[in-house]
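The next block holds one structure in the form of structure tokens; read it before the comments.
The values are calculated or read from the model by the stated rules, or taken from the named source; none is laboratory data. No experiment lies behind these values; they were computed from the predicted model shown. For neighbour counting, all protein chains shown are included, and Cβ atoms are generated from backbone atoms with ideal geometry for every residue, glycine included. The area values use the complete protein model at the heavy-atom level, side chains included, leaving out ligands, DNA and RNA. Shrake-Rupley method; radii C 1.70, N 1.55, O 1.52, S 1.80 Å.
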Amino acid sequence: MTSITGITIESADVAAAERFYATAFGLDSRLRVRASQEPTTGFRGFTLSLTVSQPANVDALIEAALAAGATTLKQAAKSMWGYGGTIQAPDGTIWKIATSAKKDTGPATKEFDAMVLLLGVADVAASKRFYLEQGFTVGKSFGRMYVEFESGSSPVKLALYRHKALAKDAGVAPAGSGSHRIAVGGAGPFTDPDGFAWEAASLAAAS
């Protein structure tokens, strides 16, 4: 089964981005940062999510991110599915912190259970076919709306959502151009139908 080995964020200021992610989320080798001056404007077409066990952890991670320099896109709030909020890192990456739990079960921590890369795509069905051809296995599928792939032992889960719907969920306008400022490690090298670059695991690890 094909899976993601790690994510590489491209930033004009690598040192600042690394400080932010270490301070805000304490992320390990599943997230790396490398230098890039490629132009990018507006919505980059993806979000990264941290799923946690309780609402208190959502608040703890969002508070840490804001203290480290992030900005709020959507205030943390209750919903039918749970509790969550969305922030934008100083490098421009959009992060959603969420839980399906409605109540706290313990003291607040910055621990999270899973990390999800959600790609905003023009045609969910076409992108789903593409990733199946690359060896991915579908875990959940809701027609032309949303697809989630099995992650196995991977530290990052991959999912697909319609581009405009993802922008709306993130709280930003859907328009954007230029570089996605992200590279995905594990299954490559290839570029998907929406321009997201995948690299071989060995290359991603060396970056």
**Request:** From Thr2, Thr71, grab the single residue that is at pLDDT below 95 and over 13 Å from the mean Cα position of the chain (by Cα).
**Result:** Thr2
**Request:** May I ask you to verify whether Thr8 is more than 20 Å from Glu150 (Cα to Cα), among the polar types (S, T, N, Q) and in a helix (DSSP H, G or I)?
**Result:** no
**Request:** Would you point out which residue out of Ala108, Ala98 is touching a helix residue (DSSP H, G or I) at 6+ places or on another chain (Cβ under 8 Å) and in a strand (DSSP E or B)?
**Result:** Ala98
**Fill in**
Residue count, the stretch 111-137, condition surrounded by fewer than 17 Cβ atoms within 10 Å (Cβ to Cβ), part of a loop (DSSP other than H, G, I, E, B) and touching a residue at least 60 places away in the same chain (Cβ under 8 Å), comes to 6
**Request:** Please give the number of the condition Lys140 fails out of (1) farther than 21 Å from Ile9 by Cβ; (2) open to solvent by 50 Å² or more (accessible area, probe 1.4 Å); (3) outside any strand (DSSP E or B).
**Result:** (3)
**Request:** Have a look at Phe142, Phe149, Phe130 and point out the one that is at pLDDT below 95 and of a type in the set (A, V, I, L, M, F, W, C).
**Result:** Phe142
**Whichever residue in the stretch 37-62 is open to solvent by less than 10 Å² (accessible area, probe 1.4 Å) and either without any contact (Cβ under 8 Å) to a residue 24 or more places away in the chain or in a helix (DSSP H, G or I) (or both) and, among such residues, is nearest to Ala165 (Cα to Cα)** = Val58
**Request:** Hey, can you tell me all the residues within the stretch 78-100 that are open to solvent by 50 Å² or more (accessible area, probe 1.4 Å) and not hydroxyl-bearing (Ser, Thr, Tyr)?
**Result:** Lys78, Met80, Trp81, Gln88, Pro90
**Request:** Would you check if Ser177 is loosely packed, with under 14 Cβ neighbours inside 10 Å, within 19 Å of Leu48 (Cα to Cα) and in contact (Cβ under 8 Å) with a residue 24 or more places away in the chain?
**Result:** yes
**Message:** Anything in the stretch 16-36 that is of a type in the set (A, V, I, L, M, F, W, C) and open to solvent by 50 Å² or more (accessible area, probe 1.4 Å)? List them, or say none.
**Reply:** Ala22, Ala35
